[in-house]
Each structure stands twice: as structure tokens, then as C-alpha cells.
Amino acid sequence: MNWNYPFESTEYFFIFFFIFAYTAYIIRTVRIARQLQTTARTLIIKLFLRTITFSLLIISLLGPSFGEAERDIQAKGKDIFMVVDLSKSMDAADVIPSRLEKVKFELNRFVENERANRIGIIIFSNDAYIHVPLTYDVAALELFIQSLQTDLLPTNGTNVCGAIEMAYNKLMNAADPTSRAKMMVLFTDGENSTGCSNALFNNLRRFGIGVYSVGVGTKVGISIQQNGKPLMDKNDKLVISKLDENFLRGVAASARGSYYELNNSKNDVQKLISDINQAEGALVDSRTITVVSNKYYYFLGAALILILLDVLITIGTFRL
């Protein structure tokens, strides 16, 4: 038999207290028996019963364990690229406080829930760039997420397909690419984007790369502020930025992925996290371990039964 907890001062204290209290009880009972000119021999029965009960309680407190069982433990890993739109339209405030600030908040929540997976960040506007390579370092990811700004990239626009292609290439060329599930999560309003090639979607489906598209913004849209003033086009017309939901749904459908919404009235990020967690990850490591379980409840149950018997069974202490 093994013990989960060592025999320490707590157990010694309870044993000393039990011996002291019961010795005082015996002395008092014997003294009363002498005054009554009788005997207290039946006291031995109660002493024997309560000593066994107390011993069982001490054993259960130490956490006895016996009986070994083997269990197979499997670690399944995923490589996930978060692909974030940093075009000027992501500063639009139709999602409070802005589309990009809302995305940054949800990215932190996403990273916190995916600690077991490798996560990277790709940022894009007209061109795409690696912001953070695939890593387990949650602190580094959170730091780089906070640095995301629409002026971080030299060009403007929304080339979603270019960013998807970069994420695909990085996932396929990652170290040990065959033994990990590969996924990408797009955070974009999808505005001003060109269509993606069929070859790209064919490759995504062929290699089983999960594509999760998150549409950020509203269909009604809102004007974009630049230098404290509404942004105007070359014809002096107010620029209204709107979510291109049809394009993003089309991307998700073509890649056999899923589409989610992120705005003031609907937030599907928790559903996104749940879907990714439920997705089958590739086997990274498998090993068999020996599990020894704590069997304290057997001894505790026996002690409780003896306590119940002690209460219900009455034995005359004094014999005349």
C-alpha cells in the first residue's frame, strides 16, 4: 500500500489528542465506578471500537492507494495561424470601440484558451507579413497582439486571398508538418478583396487545412475617421466601410470551413473556440502511464459505519 500524504504533525496531533482525551475519560469513569463500588469492564468494548474507528480515520486522512492501472495518454497538437486584417477599414467604429480593438480583445481570449497548441500571427493589408511565427509562448503572443495597429503596414487595402496563401505556405512548410493538424483563423471585414484562385481552395481541401472565417463589422457600415475627419474618396464622397459578408462566407464554403460573426450584437468567438477544440488534432505523442488511485473512501466509509454503530448500540458502563 502507498500513501499520497506523509505522516506529519497533523496526524501526530490528532493521535496525541485522542490518547489524552480517552485516557482522561477512562480515569474519570474508573474513579466514578470506585465511588459506586462497582466495575467498568464494559468500557473496554467501547475503547476497542473507538480505537479502530479512529485508526480508520487516520488512514483515510493519509490517502491510501493500492491497485495499479495502466492508462494510455495521447497528446494531439494543432498549428493555428491567426490572420488579422490591418487595413484602414479596421479602424471603423461600427464595432465598439473599433473593429481592430475588438479583434485584439478576442485574440487574447482565443490565445488563452489554446495554450496547448502552437499559434502564429499573420498580418495583412495589400501584402501579408509574418507578425509572430508558430509558438507556444503565450506571453509573447499577447505582447504582439497589443502592438497591432492599422499603420503598422506600409500599404492599404484588403487582400484576404494573399494572406490565406501565405498562411497555407507557412503551415505546409512548418517543422514537422505531417504530424499536426493545421488551421487558420481569419479576422477581417473582407472589404475591397479580390477573389481567390481555385487552386488555393483545392490545396486547402486536399491537405485538410481548417479555415475559420470571422467577419468583423456590420452590413450597414460606418464612415472612417482619418486625422479626426471623415475619410473622403477622390471624388469627395464620404467613404463608408461595410462588412463584405458574402465574400467571407464564400471563402469559408470554398475551403469547407466555417463562418462566424463579430460585432456589437453578435459574438461567435466562443463558438469558434469550441469548434477548434472539438476539431480532431493530429497525434503528437502517445505513452502509457501507471495510475494509482486514492482509496481513502473505503476506510472513511468503514469508520462512518463504526461511528453509527457506536451511537446506536448502548452498552452499560457500570456493573453493579
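Here are the numbers for the structure shown:
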| read-out | value |
| --- | --- |
| Using distinct alpha-carbon pairs, which all enter the 1/r mean, Kirkwood radius of the stretch 180-269 in Å | 14.6 Å |
| DSSP beta bridge pairing in the chain, given as percent antiparallel to the nearest 5 | 50 percent |
| Per residue solvent-accessible surface (Å²) - the chain, probe of 1.4 Å | 56 Å² |
| Prolate/oblate/rounded label for the stretch 1-52 (Cα gyration tensor, a/c 1.5) | oblate |
| Dipole of the stretch 1-147, positive end: most advanced residue of V103, I121, F18 [Cβ charges, Cα centre] | F18 |
| Reachable lysines, given that their alpha-carbon falls under 19 Å from the alpha-carbon of K271 and they are not under 8 places away in the same chain | K78, K102, K104, K182 |
| Ranked by how many other beta carbons lie within 10 Å on average, peptides 98-109, 237-248, 293-304, 15-26 from highest | 98-109, 237-248, 293-304, 15-26 |
| About the Cα centre, charge dipole magnitude for the chain (Lys/Arg +1, Asp/Glu -1 at Cβ), debye | 1680 debye |
| Among A255, A163, A199, residue whose mean-square fluctuation peaks in a GNM of the chain (springs only between Cα atoms under 10 Å) | A199 |
| Highest-fluctuation residue, V111, V185, V220 considered, GNM on the chain with Cα pairs under 10 Å | V220 |
| For the chain, with +1 on Lys and Arg beta carbons and -1 on Asp and Glu, the positive-most of A252, G215, W3 along the dipole | W3 |
| Protein accessible area in the chain, 1.4 Å probe - carbon and sulfur % | 56 percent |
| Convex hull volume per residue for the stretch 106-177, taking Cα atoms only, in Å³ | 91 Å³ |
| log₁₀ of I(q)/I(0) at q = 0.11, 0.21, 0.23 Å⁻¹ - the stretch 131-234, Debye sum with one point per alpha carbon | -0.47, -1.36, -1.47 |
| Over the chain, volume per residue of the alpha carbon convex hull, in Å³ | 220 Å³ |
| Selection from N294, V185, M166 lying farthest towards where the dipole of the chain points positive, charges on Cβ | N294 |
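The values are calculated or read from the model by the stated rules, or taken from the named source; none is laboratory data. Because the structure is a prediction, the values reported are computed rather than measured. Positions of Cβ are backbone-derived with ideal geometry, glycine not excepted, and every protein chain shown enters the neighbour counts. Quick note on the areas: whole protein, heavy atoms, side chains included, nothing else; ligands and nucleic acids left out. Shrake-Rupley method; radii C 1.70, N 1.55, O 1.52, S 1.80 Å.
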